[in-house]
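The values are calculated or read from the model by the stated rules, or taken from the named source; none is laboratory data. All values reported here derive from a predicted model rather than from experimental measurement. Don't worry about glycine lacking a Cβ; one is built from the backbone with ideal geometry, like all the others, and counts go over all protein chains shown. The protein model used for the area step is the full one, side chains on, heavy atoms only, and it has no ligands, DNA or RNA in it. Shrake-Rupley method; radii C 1.70, N 1.55, O 1.52, S 1.80 Å.
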Amino acid sequence: MRPFELVIFDCDGVLVDSERIAIRVDAIVLADLGWPLSEAEIIERFVGRSEENFVREIEAHLGHPLPRRWEDAYQHLYTDAFEKDLQAVDGVVEALDQVTTATCVASSGGHEKIRRSLRLTNLYERFNGRIFSASEVANGKPAPDLFLHAAACLGVPPARCAVVEDSRYGVEAARAAGMAAFGYAGGVTPPHWLEGSGTVVFSDMRALPGLLAVPPAEAPPKRPVTEVLG
């Protein structure tokens with residue numbers, strides 16, 4: 001098989017070990033808004049989804065729109081926690097040093113959040129100029145829009161792309177895009193949530209370069225967005 005031409009990395013939980021921090025703060029924010037959820041429930045509902053989806057689900061549960069700029073009252077909780085505790089995912093620096101294929105970042109977070117996280121972990125310069133956000137596309141994960149957008153911008157056919165994800169919504173988006181998926185199970189997502197066609201599940205980021213050299217036998221066919229969104 002021909003090697004991949006582009007490796008697309010998710011950010012949270014794949015490059016930066018942010019999910020546990022964010023989930024902890026999410027629980028505080030949701031309880032204050034009137035929707036107490038356990039960390040397990042937050043993982044199931046929100047990990048891998050866009051900020052827009054987060055807001056939509058809160059508003060649907062509360063039965064009314066959130067006030068304009070509601071998030072301003074809570075932003076310091078995330079900022080302080082990230083500045084204190086955020087680190088690169090264990091082994092990702094070693095993995096990136098060995099990956100010779102072109103790389104980029106495609107994340108459900110906004111550009112400001114992605115840049116801040118990568119700078120805090122000294123990873124920003126590795127991806128500067130090749131960072132894509134769900135804010136640039138119509139539909140967030142599990143729709144394939146973001147990954148297809150990143151591949152198109154960099155001029156690589158979807159079938160020649162590999163996606164490294166840590167959420168079930170992310171691997172579903174990769175499959176829907178017709179890309180090979182590599183599901184990182186070293187974070188908060190149960191490994192069985194990542195399993196599926198055209199997907200390699202692994203738990204040690206240091207193993208990624210070797211896995212990329214032996215891609216899945218066949219990437220799943222690209223599916224229509226309407227089918228993905230159900």
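The modelled label-to-label distance between Ala213 and Val93, using points 7 Å beyond Cα along the C-beta direction, is 2.3 nm. Relative contact order (percent) for the chain, with alpha-carbon contacts under 8 angstrom and 6 or more residues of separation? 24 percent. Estimated at the nearest 10 Å², the accessible area of Arg126 is 80 Å² with a 1.4 Å probe.
The share of accessible area on the chain that comes from carbon and sulfur is 50 percent, using a 1.4 angstrom probe. Heavy-atom accessible surface of the chain, averaged per residue, reaches 46 Å², computed with a 1.4 Å probe. Since only Ala81, Val200, Phe54 are under comparison, the one whose Cα sits farthest along the positive direction of the charge dipole of the chain, derived from C-beta charges on Lys, Arg, Asp and Glu, is Val200. Quick note on the chain: its Rg to Rh ratio, both from C-alpha atoms and Rh being the Kirkwood radius, is 0.95. The stretch between His192 and Tyr74 holds 39.2 nm of extra length on full extension. This uses 0.36 nm per residue minus the Cα-Cα distance. A 1.4 Å probe, protein heavy atoms only, puts the accessible area of Asp90 near 100 Å². Volume per residue for the stretch 84-146 equals 107 cubic angstrom (convex hull of Cα atoms). Taken over the C-alpha atoms, the stretch 39-86 has Rg and Dmax values of 12.4, 35 angstrom. Each 10 Å bin from zero holds the following percent of Cα-Cα pairs in the stretch 114-192: 19, 45, 35, 2. For Thr103, the amide hydrogen comes within under 5 Å of the amide hydrogens of Val7, counting only partners 5 or more places away or on other chains and with H modelled in the peptide plane.
In the stretch 9-131, one over the average inverse separation of all distinct C-alpha pairs is 15.5 Å, which is the Kirkwood hydrodynamic radius.
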